[in-house]
1. Kirkwood hydrodynamic radius (Cα pairs, Å) of the chain?
2. Which of the lysines could a cross-linker bridge to Lys144, judged by Cα under 17 Å and excluding same-chain residues fewer than eight apart?
3. Using a probe radius of 1.4 Å on heavy atoms only, what accessible surface per residue do you get for the chain? Whole Å² is fine.
4. Mind giving me the nanometre distance, one decimal, between the label points for Ala121 and Asp37, set 7 Å out from Cα along Cα→Cβ?
5. Which value in nm describes the separation of the simple spin-label points at Ala107 and Glu159, placed 7 Å from the Cα toward the beta carbon?
6. Ignoring ligands, DNA and RNA, what percent of the accessible area of segment 4-208 is carbon or sulfur (1.4 Å)?
7. Gain in length, Asp89 to Ala114, computed as 0.36 nm per residue apart minus the alpha-carbon separation, to one decimal in nm?
8. State, in angstrom, two size descriptors of segment 121-209 derived from its alpha carbons: Rg to one decimal place and Dmax to the nearest whole number.
Amino acid sequence: MKGVGNMAETRASENHRLLVSTRNAHKVGEIRAILGDSFEVFDLSILPHRPEVEETGMTFEENATLKAVAASLLFEGWVIADDSGLEVDVLEGSPGVYSARYAGGSATDADNNALLLRNLAGVRGKERSARFRCVIALARAGRKLAAFSGAVEGLIVNEHKGTGGFGYDPLFVPDGYGETFGQLPAEVKNRLSHRAQALEKLREWRGWW
Ligand code: IMP
């Protein structure tokens, strides 16, 4: 049996263990860069039986919750899941929750970006307005505790620019900047992105204390 001291230590370390329930290594990298000094951040590779979660929700929050709750049944500590995507105004909010599979179930980022550019052919200037949106769900022991959202507004450019980031980053220029997220340094994206904003709210969550 564990002594009282050990139990207390176990509790303390569990309180700093945070699993990110996603298969997207880019998201984990960004979350680690943003939260790494507050938590010990794990990814799904530490779970022997990783949960297979179908994203059947109609909203970012529903999908984030499905992913966070499923993994929280298999992990002792906090679990977060990020569901995110790009909303393009002239496309009535598409690709939205379907951002990862915009060009089909096995689409690559390049396929999705090419389709987006095709669908915006002939659309000019401010008509190309869009935002990245992110919802982070927080769960523990099979229960959803909270959800935090963030959004960053910007414009979709006419061609790929830059090699940084992932997904639609080379097509998205955040408001107030002259370069895409694919061109801007990672530190800049991690300061102003939809994900950074949602994680800032997570950090400030009242339930931590
Ligand atoms: P999810 O894994 O279902 O949340 O899909 C997220 C998809 O949205 C990604 O595959 C990207 O296509 C897009 N996305 C979300 N966040 C970002 C970002 O920070 N940069 C670029 N694309 C993003």
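The values are calculated or read from the model by the stated rules, or taken from the named source; none is laboratory data. In this text, all values refer to a predicted model and were calculated from it rather than measured experimentally. Cβ coordinates were reconstructed from backbone atoms using ideal geometry, including for glycine residues, and neighbour counts include every protein chain displayed. These accessible areas exclude ligands, DNA and RNA; they are computed on the full protein's heavy atoms, side chains included. Shrake-Rupley method; radii C 1.70, N 1.55, O 1.52, S 1.80 Å.
1. 17.9
2. By straight Cα distance, Lys144 reaches Lys67, Lys201.
3. 52
4. Computed distance between label sites Ala121 and Asp37 equals 4.8 nm.
5. 2.2
6. Looking at segment 4-208 in its full context, I get 50 percent from C and S.
7. Stretched out fully, the Asp89 to Ala114 stretch lengthens by 7.2 nm.
8. In Å, with Rg to one decimal and Dmax whole: 15.5, 52.
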